């Protein structure tokens with residue numbers, strides 16, 4: 001648990017190309033990650049080819065997951081390795097998150113029904129909220145984008 005796949009040819013364009021050096025890519029990814037104000041100040045970003053490596057500590061599981069998708073949903077990144085990204089005061093490894101890759105024709109209602117079960121499309125607001133601030137509008141998702149799927153609250 002700790003290597004996550006993304007679609008290299010889609011996502012936020014940060015202005016680096018395949019021929020740029022890994023240090024410049026890492027700097028651009030760190031700046032993008034910090035722009036979301038998630039609480040990732042103690043996270044370092046390294047780049048090895050088309051893989052982004054996240055190291056350091058985050059406060060909770062949601063920040064861990066948001067950091068992974070914020071970096072992974074970037075044009076040119078095909079994998080995010082987060083083995084060395086620790087969660088919480090105990091600096092324990094994060095638990096396995098649930099991610100969903102958007103397909104053509106998807107919307108948040110369909111994704112909620114696919115992930116939570118038929119008749120649970122109204123839970124789409126949970127998915128939208130779980131992906132803020134990277135998602136700014138519930139209708140602005142695109143094929144290849146990876147979204148966090150939060151657990152449903154206990155009933």
**Q.** Restricting region 134-155 to residues that are touching a strand residue (DSSP E or B) at 6+ places or on another chain (Cβ under 9 Å) and part of a loop (DSSP other than H, G, I, E, B), the residue that is surrounded by the most Cβ atoms within 10 Å (Cβ to Cβ)
**A.** 145
**Q.** Residues of region 101-133 classified as under 16 Å from residue 11 (Cα atoms) and buried (at least 18 other Cβ atoms within 10 Å of the Cβ), total
**A.** 2
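In the set 45, 77, which member is in the same structural domain as residue 8 (by TED's automatic domain parsing) and assigned to a strand (DSSP E or B)?
Details: 77 fails: assigned to a strand (DSSP E or B).
Answer to the selection: 45.
Among the candidates 87, 146, which residue alone is free of Cβ contacts under 8 Å to residues at least 40 places away in the same chain, closer than 24 Å to residue 43 by Cα and within 17 Å of the chain's Cα centre (by Cα)?
Working: 146 fails: free of Cβ contacts under 8 Å to residues at least 40 places away in the same chain.
Residue meeting the stated conditions: 87.
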Q. Among the residues of region 17-42, which ones are surrounded by 18 or more Cβ atoms within 10 Å (Cβ to Cβ) and either part of a strand (DSSP E or B) or touching a strand residue (DSSP E or B) at 6+ places or on another chain (Cβ under 6 Å) (or both)?
A. 25, 26, 29, 30
Q: Specify the residue that is nearest to residue 34 (Cα to Cα); the eligible residues are those in region 56-92 that are at pLDDT below 90 and surrounded by fewer than 16 Cβ atoms within 10 Å (Cβ to Cβ).
A: 88
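When region 118-133 is examined, which residues are found to be within 14 Å of residue 62 (Cα to Cα) and in a loop (DSSP other than H, G, I, E, B)?
Quick first cut of region 118-133, residues within 14 Å of residue 62 (Cα to Cα) only: 126-133.
Of everything in region 118-133, those that are within 14 Å of residue 62 (Cα to Cα) and in a loop (DSSP other than H, G, I, E, B) turn out to be 131, 132, 133.
The values are calculated or read from the model by the stated rules, or taken from the named source; none is laboratory data. Just so it is clear, the structure is predicted and the values come from calculations on it, not from any experiment. Please note: Cβ atoms are built from the backbone with ideal geometry, for glycine as well, and neighbour counts cover all protein chains shown.
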